[in-house]
Amino acid sequence: MGSIAYGITKEIFAGLQLNADLFSTAHTRRQTMAVNYYPPCTESKFSYGLRPHSDLGSITIVMQDEVKGLQIKRRGDWIDVIPRKDAFVVMIGDQIEILTNGRYRSIEHRVITNKIVPRISVACFYAPTEDDVIEPLQKFVSKGCPVLYKGSKFGDYLNHGFSKPLNGKSSLMYCAIN
Ligand SMILES: O=C(O)CCC(=O)C(=O)O
Ligand SMILES: [Fe+2]
């Protein structure tokens, strides 16, 4: 999975005319994994498996089983990410939004539980190491596009993000300027 993450980030960074090798190596150094089990919830029409959030790292690759539940927010609407046997889900995390000064935005997502059956997913998270300082690259800063984030050590960003309840894209407030 690590080499898939490296390959995907390489394409992302090459598309931004950055040193694809260097950046993809830096942004996939820290690799962690979560196995999520969402029990069915019969109690109400709507219940969260995971509240809305963006992932704190650089990219996330998710394997879903056949049960629907993951949704992304697009232009204010929640859209189902339909599970496919032949596909993983790739999501951009906050570190790429910070690095590109908002050119590529991290995706807000959430998980809704199923009323009848459980759902299982495996999320693989790729990020810089905890000592790396991530800040907007100069090439994404201009008069029309002022710097949006201050640099922060990824370890500090992570600790701060984990210390707060999941709440949309509020994790970015940690380093947002004004
Ligand atoms: O269960 C999923 O499909 C997504 C999990 C997720 O967003 C996460 O672990 O951060
Ligand atoms: Fe997530």
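Listed values, structure above:
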quantity: The range 113-130, residues that are within 16 Å of ligand 2 (Cβ to nearest atom) and either assigned to a helix (DSSP H, G or I) or among the hydroxyl-bearing types (Ser, Thr, Tyr) (or both); calculated: THR113, SER121, TYR126
quantity: Matching residues in the range 131-148 - criterion: being part of a strand (DSSP E or B) and either under 17 Å from the mean Cα position of the chain (by Cα) or basic (Lys, Arg) (or both); calculated: ILE134
quantity: Residue that is surrounded by the fewest Cβ atoms within 10 Å (Cβ to Cβ) [pool: residues in the range 123-175 that are acidic (Asp, Glu) and farther than 21 Å from LEU16 by Cβ]; calculated: ASP131
quantity: Every residue from the range 9-40 that is within 16 Å of ligand 1 (Cβ to nearest atom) and in contact with a Lys or Arg (Cβ under 7 Å, 6 or more places away or on another chain); calculated: TYR38, PRO40
quantity: Number of the exception - LEU166 against (1) in contact (Cβ under 8 Å) with a residue 12 or more places away in the chain; (2) assigned to a loop (DSSP other than H, G, I, E, B); (3) away from ligand 2 (no atom under 14 Å from the Cβ); calculated: (3)
quantity: Failed item, numbered, when THR42 is tested on (1) part of a loop (DSSP other than H, G, I, E, B); (2) surrounded by 14 or more Cβ atoms within 10 Å (Cβ to Cβ); (3) among the polar types (S, T, N, Q); calculated: (2)
quantity: Residue count for the range 123-161, restricted to those that are free of Cβ contacts under 8 Å to residues at least 24 places away in the same chain and either closer than 25 Å to TRP78 by Cβ or in contact with a Gly (Cβ under 8 Å, 6 or more places away or on another chain) (or both); calculated: 1
quantity: ILE112, sole failed condition from (1) under 20 Å from the mean Cα position of the chain (by Cα); (2) surrounded by 15 or more Cβ atoms within 10 Å (Cβ to Cβ); (3) under 29 Å from LYS10 (Cβ atoms); calculated: (3)
quantity: Hey, GLY93 touching a Phe, Trp or Tyr at 6+ places or on another chain (Cβ under 8 Å) and over 21 Å from GLY161 (Cβ atoms) or not; calculated: no
quantity: Residue check for ARG103: more than 10 Å from ligand 1 (Cβ to nearest atom), surrounded by 14 or more Cβ atoms within 10 Å (Cβ to Cβ) and either in contact (Cβ under 8 Å) with a residue 60 or more places away in the chain or not aromatic (Phe, Trp, Tyr) (or both); calculated: yes
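Let's see how each residue does on (1) in contact (Cβ under 8 Å) with a residue 12 or more places away in the chain; (2) outside any helix (DSSP H, G or I); (3) within 13 Å of ligand 2 (Cβ to nearest atom):
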position: THR9; (1), (2), (3): yes, no, no
position: LEU22; (1), (2), (3): no, no, no
position: GLN31; (1), (2), (3): yes, yes, no
position: GLY49; (1), (2), (3): yes, yes, yes
position: GLY57; (1), (2), (3): yes, yes, yes
position: ILE72; (1), (2), (3): yes, yes, yes
position: TRP78; (1), (2), (3): yes, yes, no
position: ARG84; (1), (2), (3): no, yes, no
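Results for (1) surrounded by 16 or more Cβ atoms within 10 Å (Cβ to Cβ); (2) at pLDDT 95 or above; (3) of a type outside the set (S, T, N, Q), shown as yes or no for each residue.
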site	(1), (2), (3)
SER58	yes, yes, no
ASP65	no, yes, yes
LEU70	yes, yes, yes
ILE79	no, yes, yes
ILE82	no, yes, yes
ALA87	no, yes, yes
MET91	yes, yes, yes
ASP94	yes, yes, yes
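The values are calculated or read from the model by the stated rules, or taken from the named source; none is laboratory data. The structure displayed is predicted, hence computed values, not measured ones. Cβ atoms come from the backbone with ideal geometry, glycine included; neighbour counts cover every protein chain shown.
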